[in-house]
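Nothing in this text is a laboratory measurement; each read-out follows from the coordinates by a stated rule. Source: prediction; values computed, not measured. We place every Cβ from the backbone using ideal geometry, glycine too, and count neighbours over all the protein chains shown.
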Amino acid sequence: MRFHSNSLALIFALSGLFAWSFPLSRPALSQTGSVPVSVAPAGRVVLVLPFNNRSGDSTLGWIGDSFPDTLNQRLSSAGFLTITRDDRIYALDHLGLPADFRPTRATTIRIAQTLDADYVIVGSYNLQGADQNSRISVQAQILEVNKLRLSQPLQDSSELARLFDVENAIAWKIARQIEPHFAVAEQTFLSASAGIRLSAFENYIRGTDALTPAERVKRLEAAVADAPSYSAAELALGKELYAGRDYDQAAATLAKVPLTDRQALEANFYLGLARFNSAKYAEAERAFAFVAARLPLPEVVNDQGVALSRQGKDAAPLFERAVAADPNDPDYHYNLAVADLRKGDFAGALRSVDETLKLHATDNEAVQLRAIISAGRAAPARPANGFEPTTRLRRTYSEASYRQATFQMDQLRAMRIAALPPAQQASENTQIGRELLAQGLLPDAEQRFNAALAADPNSAAAHLGLAQVREQSGNPEDARTEALAALKGGQNVDAYLILARIDLDKNDLAAAAAELQKALAMEPSNAAALNIRHALEARGQSLQ
């Protein structure tokens, strides 16, 4: 798979930070005629291809392109490593095929082997009816690459206006087909796209696929205007504005992505670049630092160092971290040499610039830097040729490298948790589930709460978390069951409030009032409880 070679070093470096490491399931390798492959989890890599349009209406082609976007999100939440659009396009280009090529089965296998995928998802869709009455029918199949076996079709259909439901249902069926014990409820998948209007989704997909920058910006701006909290569209628009060198507008757009959002790391990387290009180095440093603190990819740590050095501060420790994570990148050695030179460490600067030249012998700037270092001038006068050594910024964010490192970190964390006593397993999984729930990642959160309950079926906190997932995904009866299970572990305000909201929605006002009374007895000033009280009083129901 076309992942950066630093992924393995990064993962082991991160595992060292947490004092645990485990062998990875697939070694790094590179084969002649294939895309360079780095570590990838055995049996978990999935490639989703655009679905074929069988409607005969070419204006509906965007729907086929939307399936990889939705399925990648849902399958990632199910614990699979999905292959990005950029990597898919790279593989097609590597094979000499156009980006809009619709492969045969033989070509599909070649693409999968090029990308080192374990499964390939292919499918098609058709529409019947017109306008608002259109109905979409979808079928998908799973190709097991190693066995060259194609599954029976997985099918779903609904009104076109409910395209998200169809795509999420197909994703859930795929996850269950590949992993029969997958325990996340289908309703949780169906609710995962809540809040995104179909018109915004269409403009987002058309925007990411548009051939010209102007059309991409136009479509993405329309998507953001239609759904102001659509983080994926904000990220895509911000990146497009950045590519067009509209740095201030790019920064303003990227800054709208919430820091708790799944897109926040990539958004802040490009926010840092935009701020840097506007010479707002302190703001750039803060953006890079946010990313580096959560996943210290060497390119991010390097850029944090560059932004720091442009403020006249010592960035050598950051460049040392970048070098340790990826010692084969000459730019990181070069930056460390510049930082060491500025603080008068000539020996260290010389070692680093020599490493740069070992890796890139024709680097003219490194040759000139070495001459300055050898002359022993910590703060040299301006050379006759005008050369002044400055640190180098890395301007490309490797989404694939980030996704792979994140996936492997999740795998390592899961293995570490599995080695703990059951009660501690339940506690840690529940805490992670709460964090995911706070980000609105319902399928991811449900998996964690299920893992907690597998370790400790009586965990009240895990039952409560699952009740909250069920409530937010529109499954009130299962939410009630889980809330009652949570209450078996003792009095719980949040569990009582879930029950009160469910009964309020059913217009069972007396039951809602009774449950609310118990919650208020525990926390009289609870804001959520007071809101329910106001709703009850508005319907003429008073508390006893």
Tensor-based shape of region 41-194 (alpha-carbon gyration tensor, a/c under 1.5 rounded, otherwise prolate or oblate): oblate
In the structure shown, of 173/239; 313/358; 218/280; 256/313; 218/313, the pairs separated by more than 31 angstrom at the C-alpha atoms are 173/239; 218/313
Taking only DSSP H segments of four or more residues, each worth -39500 (n - 2.57), what value at 222 nm results for the chain once the sum is divided by all its residues, to the nearest 500 deg cm²/dmol? -18500 deg cm²/dmol
Select from 258, 224, 291 the residue farthest towards the positive end of the dipole of the chain; place +1 on Cβ of Lys and Arg, -1 on Cβ of Asp and Glu, and compute about the Cα centre. 291
Identified option (computed mean projected area of the Cα convex hull in nm²; candidates (1) 24.7; (2) 31.4; (3) 29.6): (3)
Name the lysines eligible as straight-distance cross-link partners of residue 488: C-alpha to C-alpha under 21 Å, and not fewer than 8 places from it in the same chain. 518
Projecting the Cα atoms of 193, 210, 375 onto the charge dipole of the chain, where Lys and Arg contribute +1 and Asp and Glu -1 at Cβ, the residue farthest towards the positive end is 375
In debye, nearest 20, what is the charge dipole magnitude of region 182-306 about its Cα centre with +1 on Lys and Arg Cβ and -1 on Asp and Glu Cβ, if you could check? 100 debye
Which order do the peptides 228-237, 256-265 take when ranked by the mean count of other beta-carbon atoms within 10 Å per residue, highest first? 228-237, 256-265
Only four residue types carry charge here, +1 at the Cβ of Lys and Arg and -1 at the Cβ of Asp and Glu. Report the dipole size of region 41-194 about the Cα centre in Debye, rounded to the nearest 20. 440 debye
Cα centre as origin, Lys/Arg/Asp/Glu Cβ charges: the chain dipole, Debye: 720 debye
By per-residue mean of other Cβ atoms within 10 Å, what is the highest-first order of 213-219, 497-503, 536-542? 497-503, 213-219, 536-542
